[in-house]
Amino acid sequence: MARASKKEKDKAEKIPEEAWNAGIYARLSVDYHNQKNESIEAQVQVAENYINQSSDIVLAGCYTDLGETGTDFQRKGFGRLMDDVRRRKINCVIVKDFSRFGRNYIETGNYMEKIFPFFQVRFISVSDGYDSHRPQQGNDILATNLKNIVNELYARDCAQKVRAVKKLKLEQGCYVGGVPPYGYSAKRVDGKKILIPEEGASDVVRAIFALFCKGKSVSDIISWLYGAGIHRPSEYRRTGHVQCVEGEAIRQWSSQTIRAMLTNPVYIGTLAQIKEGEKRYRIGEPCSVGPDGVVLAEHAHQPIVGKDLFYGVSTRLEGVKKKGIAGKKAPEDIYKGIICCGECASRLKRTCTSNARSYQVSVRTYSYGCPNIQRIDSLRCGSHFISSNMVDRIVLEALQKAIALAGAPWKAWQGLNRRQQGEREKEVQKKITEAQGRLKKLGLELSSLYRKYKAGSIAEEAFFALKAEKEQEKKNVEKELRREIDRVQHIKKVSEEFNQFIRRLCEGEKGIKLDGLAVRCMVEKIVIYKDRRVELRFHFRD
């Protein structure tokens, strides 16, 4: 047998027993699309060059996010990366630098110090010279933390500058929204983005205001628009035609669109735009916007309708609204979201009819009908109405028959309910324990942050910024903890009420009244057909 050469032996010795399967991650914010050195391709190339120079790393896949911010980790490409990490498809993550991975100091540190070590994932930042597989010295760890803090502060500074520029544009009357309102197009004039009335569409807006002012209802206006073959706004943007031409389908306008148009001050030349957007930095939760959060710019562009006409229409709309909400409060809609039409699959809408018995007494009756019954286009549905009392009777009789056919005593049903209650309480208790753990961790992080500040490892500005964020995060966790504790009590209350209902149902007690809780616990879906057939699907059918 021929002996292997020394060159072949050296080559065999260089092949690792177990290679690292690397996933390259690249991210590009919309703020940097003009910087070629930060492009997605450039980031991937840097990581590939690093892999080519390494004998123990092989490329398993690339994961990218284009136009995504680094201040949070809710990104599609990053989500796919973590899915493959959990599947053990990759055990090494390579990025060009820390800022491409994320600009959130706390979350970035959490991935580097907790999540990746838990999954035994090697993390490499090429430009920063960081490799978690290599032992880190004290100075290296300090430098890494400082880089992540600087990345976050940079993102915060960029956000503040963007808000300042946006506020200036709002005050100058520039249009900073997305799709312009129907009747307008957005164009740049002398460096400002302003709204310009569109020929044809603006005439439709004037006609809608004029018809409503003359006493026509919203339904009358919808019928007029459909009869005149005028495209609704979405179809107008898609086709570019105000009126339907041969070969195009015509769809009726929605009442919400008409009402929103009649109350939008943009048509009298006034821009009402939100000052700071719908989300706050880092928190990511929607916040209510008061009058101080809206910037009003009058005479920002050419109006389509006059102020007298606009405010006259607003006054009439307000009167119609007050008239509609007058009277007694409507009872709970126990079938909301689970009763639908068997012909077009739309969710049925509950309607109220008031029958006067005398000059002092009136009786309200409720029924369910498909919202597409009143349509006048090709999507019109031929279904019919069914009274709420009829639905109650059908559901109750079907439940009693299903329970009787099951042959199980009410104690067996209650035992099943208690087991499900225990499972739900266990899930909530797990969240409570996690929240308590996060609170404890945040307390330790605040103490550690203060010690670093006293030792001079963190600048004063960075310390107070991080301290405020951690305190805000602590408040959010405390709020979540209180909510979960309340959920435990609610689960117990709901379970007890359901036990009482199921006992009465199994015993065949007369006069049982259905409520939303019982219906949602037992009924999955109710389908109403126009031939008066009713189909019920129960949660316990299997």
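The values are calculated or read from the model by the stated rules, or taken from the named source; none is laboratory data. Given the structure is predicted, the values throughout are model-derived calculations rather than measurements. Heads up, the Cβs are rebuilt from the backbone with ideal geometry, glycines too, and the neighbour counts pull from every protein chain shown. The protein model used for the area step is the full one, side chains on, heavy atoms only, and it has no ligands, DNA or RNA in it. Shrake-Rupley method; radii C 1.70, N 1.55, O 1.52, S 1.80 Å.
Listing for the model above:
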| item | result |
| --- | --- |
| Only one of GLU496, GLU480, GLU471 that is more than 29 Å from the chain's Cα centre (by Cα) and among the acidic types (Asp, Glu) | GLU496 |
| Unique match (being within 30 Å of ASP392 (Cβ to Cβ), in a loop (DSSP other than H, G, I, E, B) and hydrophobic (A, V, I, L, M, F, W, C)) among LEU505, LEU514, LEU536 | LEU514 |
| Candidates ILE485, ILE491, filtered to the one that is open to solvent by less than 20 Å² (accessible area, probe 1.4 Å) and of a type in the set (A, V, I, L, M) | ILE491 |
| Sole residue being part of a helix (DSSP H, G or I), polar (S, T, N, Q) and over 20 Å from SER378 (Cα atoms), chosen from SER223, SER202, SER219 | SER202 |
| Tally, over the range 496-536, of residues that are in contact with a strand residue (DSSP E or B) (Cβ under 6 Å, 6 or more places away or on another chain) and either open to solvent by 70 Å² or more (accessible area, probe 1.4 Å) or of a type in the set (Lys, Arg) (or both) | 2 |
| From the options ALA42, ALA26, residue that is part of a strand (DSSP E or B), at pLDDT 85 or above and among the small types (Gly, Ala, Ser) | ALA26 |
| Matching residues in the range 99-133 - criterion: being touching a strand residue (DSSP E or B) at 6+ places or on another chain (Cβ under 7 Å), part of a helix (DSSP H, G or I), closer than 17 Å to ILE40 by Cβ and not basic (Lys, Arg) | PHE101 |
| Filtered residues of the range 421-435 (kept if open to solvent by 80 Å² or more (accessible area, probe 1.4 Å) and either in contact with a Cys (Cβ under 9 Å, 6 or more places away or on another chain) or modelled with pLDDT under 85 (or both)) | GLU423, ARG424 |
| Positions within the range 67-103 being more than 22 Å from ALA19 (Cβ to Cβ), open to solvent by less than 40 Å² (accessible area, probe 1.4 Å) and in contact with a Gly (Cβ under 7 Å, 6 or more places away or on another chain), in sequence order | GLY70, PHE73, SER99, GLY102, ARG103 |
| Unique residue being in contact with a helix residue (DSSP H, G or I) (Cβ under 7 Å, 6 or more places away or on another chain) and under 23 Å from VAL179 (Cα atoms) when the list is VAL218, VAL204, VAL242 | VAL242 |
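Table: residues versus (1) surrounded by 14 or more Cβ atoms within 10 Å (Cβ to Cβ); (2) part of a helix (DSSP H, G or I).
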{"site": "VAL179", "(1), (2)": "no, no"}
{"site": "ALA186", "(1), (2)": "yes, no"}
{"site": "LEU195", "(1), (2)": "yes, no"}
{"site": "LEU211", "(1), (2)": "yes, yes"}
{"site": "GLY215", "(1), (2)": "no, no"}
